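The values are calculated or read from the model by the stated rules, or taken from the named source; none is laboratory data. A quick note: this is a predicted structure, and the numbers were derived from the prediction, not measured. So basically every Cβ, Gly included, is an ideal-geometry build from the backbone, and we count neighbours across all protein chains shown.
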Amino acid sequence: MFTGLVEDIGEIQKSARRSNGLELTVMCGIPTADITLGESIAVDGVCLTVTGTASRGFTVDVSSESIARSTLGKKKAGHRVNIERALRLSDRLGGHLVTGHIDGIVAITGIERKGDFTQFSFTAPHIILKYIVEKGSVAIDGISLTVNQCSDRDFSIMIIPHTLEQTTLSSRRIGEQVNIENDIVGKYIEKFILNDDTAQNGISREFLEKFNFT
(Lines give C-alpha, C1' and ligand atoms only; values in the text may rest on other atoms or scores of the structure.)
Protein backbone atom coordinates (compact mmCIF):
# COMPACT_ATOMS: atom_id res chain seq x y z
CA MET A 1 0.00 0.00 0.00
CA PHE A 2 1.19 3.52 -0.83
CA THR A 3 0.15 7.13 -0.20
CA GLY A 4 0.82 8.70 -3.58
CA LEU A 5 3.50 11.00 -2.15
CA VAL A 6 6.50 10.61 -4.47
CA GLU A 7 9.83 10.13 -2.66
CA ASP A 8 12.20 10.52 -5.56
CA ILE A 9 12.45 10.76 -9.33
CA GLY A 10 14.36 7.76 -10.65
CA GLU A 11 15.77 7.04 -14.08
CA ILE A 12 15.50 3.85 -16.08
CA GLN A 13 19.02 2.54 -16.66
CA LYS A 14 18.03 -0.64 -18.44
CA SER A 15 14.91 -2.39 -19.72
CA ALA A 16 15.48 -6.06 -20.55
CA ARG A 17 12.82 -8.30 -22.03
CA ARG A 18 12.05 -11.59 -20.33
CA SER A 19 9.91 -14.50 -21.54
CA ASN A 20 6.82 -13.34 -19.67
CA GLY A 21 7.65 -9.69 -19.11
CA LEU A 22 10.68 -7.54 -18.53
CA GLU A 23 13.28 -6.54 -15.96
CA LEU A 24 13.83 -2.88 -15.15
CA THR A 25 16.94 -1.44 -13.57
CA VAL A 26 16.13 1.89 -11.94
CA MET A 27 18.64 4.39 -10.60
CA CYS A 28 17.47 6.71 -7.82
CA GLY A 29 18.58 8.81 -4.88
CA ILE A 30 17.09 6.55 -2.20
CA PRO A 31 19.99 4.96 -0.25
CA THR A 32 20.46 1.34 -1.26
CA ALA A 33 20.74 0.41 2.42
CA ASP A 34 17.11 1.48 2.85
CA ILE A 35 15.89 -0.81 0.05
CA THR A 36 15.56 -4.51 0.84
CA LEU A 37 15.07 -7.51 -1.42
CA GLY A 38 11.43 -8.53 -1.70
CA GLU A 39 9.96 -5.21 -0.60
CA SER A 40 7.27 -3.43 -2.58
CA ILE A 41 8.13 -0.26 -4.43
CA ALA A 42 6.02 1.86 -6.78
CA VAL A 43 7.49 2.85 -10.14
CA ASP A 44 5.25 5.40 -11.86
CA GLY A 45 2.48 4.12 -9.64
CA VAL A 46 2.93 0.42 -10.42
CA CYS A 47 3.52 -1.79 -7.36
CA LEU A 48 6.58 -3.95 -8.04
CA THR A 49 8.85 -6.25 -6.02
CA VAL A 50 12.53 -5.44 -5.58
CA THR A 51 14.56 -8.35 -6.98
CA GLY A 52 18.02 -6.83 -6.66
CA THR A 53 19.92 -3.74 -5.54
CA ALA A 54 22.85 -1.84 -7.00
CA SER A 55 25.08 0.94 -5.70
CA ARG A 56 22.56 3.60 -6.67
CA GLY A 57 19.37 1.76 -7.50
CA PHE A 58 17.39 -1.46 -7.74
CA THR A 59 15.90 -3.98 -10.17
CA VAL A 60 12.29 -5.13 -10.49
CA ASP A 61 10.43 -7.65 -12.61
CA VAL A 62 7.39 -6.45 -14.55
CA SER A 63 4.74 -9.05 -15.41
CA SER A 64 2.82 -9.25 -18.67
CA GLU A 65 -0.30 -8.00 -16.84
CA SER A 66 1.52 -4.88 -15.61
CA ILE A 67 2.91 -4.29 -19.10
CA ALA A 68 -0.61 -4.48 -20.58
CA ARG A 69 -2.11 -2.19 -17.94
CA SER A 70 0.61 0.44 -17.65
CA THR A 71 3.22 2.44 -19.54
CA LEU A 72 6.17 0.48 -18.11
CA GLY A 73 6.52 -1.63 -21.25
CA LYS A 74 7.34 1.54 -23.19
CA LYS A 75 10.03 2.78 -20.82
CA LYS A 76 13.55 2.99 -22.20
CA ALA A 77 16.93 3.87 -20.74
CA GLY A 78 16.92 7.53 -19.72
CA HIS A 79 13.19 7.77 -19.00
CA ARG A 80 12.35 9.39 -15.66
CA VAL A 81 9.91 7.70 -13.28
CA ASN A 82 8.28 8.50 -9.94
CA ILE A 83 9.44 6.34 -7.02
CA GLU A 84 7.68 5.62 -3.72
CA ARG A 85 8.41 2.94 -1.15
CA ALA A 86 5.55 1.14 0.56
CA LEU A 87 3.61 2.75 3.39
CA ARG A 88 4.52 1.80 6.95
CA LEU A 89 1.72 1.51 9.51
CA SER A 90 3.39 4.24 11.57
CA ASP A 91 3.48 6.72 8.67
CA ARG A 92 1.15 9.68 8.19
CA LEU A 93 -1.30 9.20 5.33
CA GLY A 94 -0.50 12.45 3.56
CA GLY A 95 -2.06 11.50 0.22
CA HIS A 96 -4.71 8.78 -0.09
CA LEU A 97 -4.73 4.98 -0.06
CA VAL A 98 -3.00 3.86 -3.26
CA THR A 99 -2.62 0.14 -3.99
CA GLY A 100 -0.21 0.36 -6.90
CA HIS A 101 -2.59 -1.70 -9.04
CA ILE A 102 -3.04 0.35 -12.20
CA ASP A 103 -6.51 0.56 -13.76
CA GLY A 104 -5.31 1.72 -17.15
CA ILE A 105 -3.62 4.38 -19.25
CA VAL A 106 -4.98 7.84 -20.03
CA ALA A 107 -3.73 10.57 -22.38
CA ILE A 108 -2.82 14.14 -21.50
CA THR A 109 -5.00 16.44 -23.61
CA GLY A 110 -4.18 19.79 -22.05
CA ILE A 111 -1.53 21.57 -19.97
CA GLU A 112 -2.40 25.15 -19.02
CA ARG A 113 -0.75 27.57 -16.62
CA LYS A 114 -3.16 29.14 -14.15
CA GLY A 115 -1.02 31.72 -12.36
CA ASP A 116 1.40 29.76 -10.14
CA PHE A 117 -0.51 26.54 -10.75
CA THR A 118 -0.73 24.18 -13.73
CA GLN A 119 -3.91 22.48 -14.92
CA PHE A 120 -3.60 19.08 -16.58
CA SER A 121 -6.50 17.63 -18.56
CA PHE A 122 -6.95 13.97 -19.50
CA THR A 123 -9.26 11.92 -21.71
CA ALA A 124 -10.33 8.53 -20.41
CA PRO A 125 -12.80 5.73 -21.24
CA HIS A 126 -16.01 5.23 -19.29
CA ILE A 127 -14.55 2.31 -17.30
CA ILE A 128 -12.09 4.82 -15.78
CA LEU A 129 -14.29 7.91 -15.60
CA LYS A 130 -17.12 6.21 -13.73
CA TYR A 131 -14.95 6.12 -10.59
CA ILE A 132 -13.78 9.74 -10.88
CA VAL A 133 -15.68 12.38 -8.92
CA GLU A 134 -15.09 16.08 -8.52
CA LYS A 135 -12.82 16.79 -5.52
CA GLY A 136 -12.14 13.06 -5.19
CA SER A 137 -8.71 11.42 -5.23
CA VAL A 138 -6.89 9.85 -8.17
CA ALA A 139 -3.32 8.61 -8.66
CA ILE A 140 -1.53 9.68 -11.86
CA ASP A 141 1.84 7.94 -12.37
CA GLY A 142 1.75 7.22 -8.65
CA ILE A 143 1.04 10.82 -7.59
CA SER A 144 -1.89 11.40 -5.26
CA LEU A 145 -3.96 14.19 -6.79
CA THR A 146 -7.35 15.84 -6.36
CA VAL A 147 -9.82 15.92 -9.25
CA ASN A 148 -10.58 19.53 -10.17
CA GLN A 149 -13.37 18.94 -12.70
CA CYS A 150 -14.79 15.94 -14.53
CA SER A 151 -17.30 15.14 -17.26
CA ASP A 152 -18.41 12.03 -19.12
CA ARG A 153 -15.43 12.43 -21.48
CA ASP A 154 -12.52 13.84 -19.50
CA PHE A 155 -11.24 15.25 -16.21
CA SER A 156 -8.71 17.79 -14.99
CA ILE A 157 -6.41 18.27 -12.01
CA MET A 158 -4.66 21.36 -10.65
CA ILE A 159 -1.00 20.95 -9.79
CA ILE A 160 0.75 23.08 -7.17
CA PRO A 161 4.33 24.23 -7.91
CA HIS A 162 5.89 21.82 -5.37
CA THR A 163 4.24 18.75 -6.92
CA LEU A 164 5.22 19.89 -10.41
CA GLU A 165 8.86 20.29 -9.38
CA GLN A 166 9.14 17.08 -7.34
CA THR A 167 7.57 14.67 -9.86
CA THR A 168 7.82 13.79 -13.53
CA LEU A 169 4.81 16.01 -14.32
CA SER A 170 7.26 18.85 -14.93
CA SER A 171 8.48 17.14 -18.11
CA ARG A 172 5.13 15.86 -19.38
CA ARG A 173 3.75 17.01 -22.71
CA ILE A 174 0.33 17.00 -24.39
CA GLY A 175 -0.33 13.66 -26.08
CA GLU A 176 1.76 11.61 -23.67
CA GLN A 177 0.21 8.70 -21.77
CA VAL A 178 0.23 8.20 -18.00
CA ASN A 179 -0.82 5.48 -15.56
CA ILE A 180 -4.02 5.96 -13.60
CA GLU A 181 -5.34 4.28 -10.47
CA ASN A 182 -8.83 5.14 -9.27
CA ASP A 183 -9.66 5.50 -5.60
CA ILE A 184 -10.27 1.97 -4.29
CA VAL A 185 -13.04 3.14 -1.95
CA GLY A 186 -15.39 3.72 -4.89
CA LYS A 187 -14.73 0.22 -6.21
CA TYR A 188 -15.70 -1.38 -2.91
CA ILE A 189 -18.88 0.69 -2.72
CA GLU A 190 -19.81 -0.36 -6.25
CA LYS A 191 -19.17 -4.02 -5.40
CA PHE A 192 -21.39 -3.72 -2.33
CA ILE A 193 -24.21 -1.97 -4.17
CA LEU A 194 -24.10 -4.27 -7.19
CA ASN A 195 -24.51 -7.48 -5.23
CA ASP A 196 -26.78 -10.33 -6.24
CA ASP A 197 -29.87 -8.68 -4.78
CA THR A 198 -29.30 -5.51 -6.76
CA ALA A 199 -28.41 -7.29 -9.98
CA GLN A 200 -31.71 -9.15 -9.88
CA ASN A 201 -34.03 -6.51 -8.44
CA GLY A 202 -32.34 -3.14 -8.98
CA ILE A 203 -31.97 -0.47 -6.31
CA SER A 204 -35.44 -0.21 -4.83
CA ARG A 205 -36.83 1.46 -1.70
CA GLU A 206 -36.80 -1.96 -0.03
CA PHE A 207 -33.14 -2.39 -0.90
CA LEU A 208 -32.24 1.01 0.56
CA GLU A 209 -34.20 0.30 3.72
CA LYS A 210 -32.51 -3.08 4.08
CA PHE A 211 -29.10 -1.39 4.23
CA ASN A 212 -30.26 1.61 6.29
CA PHE A 213 -30.01 4.20 3.51
CA THR A 214 -33.46 5.67 4.31
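Inspect all residues belonging to region 132-140 and state whether any of them is within 12 Å of Val106 (Cβ to Cβ) and more than 15 Å from the chain's Cα centre (by Cα).
So far as region 132-140 goes, no, none of its residues is within 12 Å of Val106 (Cβ to Cβ) and more than 15 Å from the chain's Cα centre (by Cα).
From the list Gly52, Gly73, Gly78, Gly38, which one is touching a Phe, Trp or Tyr at 6+ places or on another chain (Cβ under 7 Å), more than 27 Å from Thr146 (Cβ to Cβ) and of a type outside the set (Ser, Thr, Tyr)?
Sole residue among the options that is touching a Phe, Trp or Tyr at 6+ places or on another chain (Cβ under 7 Å), more than 27 Å from Thr146 (Cβ to Cβ) and of a type outside the set (Ser, Thr, Tyr): Gly52.
Which residues, counting only those in region 53-66, are farther than 17 Å from Asp34 by Cβ and either among the aromatic types (Phe, Trp, Tyr) or buried (at least 18 other Cβ atoms within 10 Å of the Cβ) (or both)?
Filtering region 53-66 for residues farther than 17 Å from Asp34 by Cβ gives 61-66.
The answer is Val62, Ser66.
Considering only region 29-44, I want to know if a residue exists there that is modelled with pLDDT under 95, in a helix (DSSP H, G or I) and either surrounded by 13 or more Cβ atoms within 10 Å (Cβ to Cβ) or within 18 Å of the chain's Cα centre (by Cα) (or both).
Checking region 29-44: at least one residue is modelled with pLDDT under 95, in a helix (DSSP H, G or I) and either surrounded by 13 or more Cβ atoms within 10 Å (Cβ to Cβ) or within 18 Å of the chain's Cα centre (by Cα) (or both).
When residues of region 81-91 are filtered for being surrounded by 18 or more Cβ atoms within 10 Å (Cβ to Cβ) and either closer than 13 Å to Thr25 by Cα or modelled with pLDDT under 95 (or both), how many remain?
So the count comes out to 3.
For Ile157, indicate whether it is within 17 Å of Ile180 (Cβ to Cβ) and surrounded by 20 or more Cβ atoms within 10 Å (Cβ to Cβ).
The answer is yes for Ile157.
Within region 17-26, which residues are modelled with pLDDT of 95 or more and surrounded by fewer than 16 Cβ atoms within 10 Å (Cβ to Cβ)?
Glu23
Looking at (1) in contact (Cβ under 8 Å) with a residue 24 or more places away in the chain; (2) assigned by TED's automatic domain parsing to the domain that holds Gly29; (3) not hydrophobic (A, V, I, L, M, F, W, C), find the lone condition where Asp141 falls short.
Just one mismatch for Asp141, condition (2).
Each row is one residue, and each column tells you yes or no for (1) within 25 Å of Ala16 (Cα to Cα); (2) touching a strand residue (DSSP E or B) at 6+ places or on another chain (Cβ under 7 Å); (3) aliphatic (A, V, I, L, M).
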position	(1), (2), (3)
Val50	yes, yes, yes
Leu87	no, yes, yes
Ile111	no, yes, yes
Ser144	no, yes, no
Val147	no, yes, yes
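Taking region 6-23, which residues are in contact (Cβ under 8 Å) with a residue 24 or more places away in the chain and either hydroxyl-bearing (Ser, Thr, Tyr) or closer than 13 Å to Arg80 by Cβ (or both)? Talk me through it step by step, then tell me what you get.
The initial filter retains those residues of region 6-23 that are in contact (Cβ under 8 Å) with a residue 24 or more places away in the chain, namely 6-15, 18, 20-23.
Within region 6-23, Val6, Asp8, Ile9, Gly10, Glu11, Ile12, Gln13, Ser15 meet the criteria.
Can you work out which of the residues in region 123-152 that are touching a Gly at 6+ places or on another chain (Cβ under 8 Å) and in a strand (DSSP E or B) is surrounded by the fewest Cβ atoms within 10 Å (Cβ to Cβ)?
Ranking the qualifying residues of region 123-152, first place goes to Thr146.
Restricting attention to region 153-163, which residues are part of a helix (DSSP H, G or I) and under 16 Å from the mean Cα position of the chain (by Cα)?
Thr163
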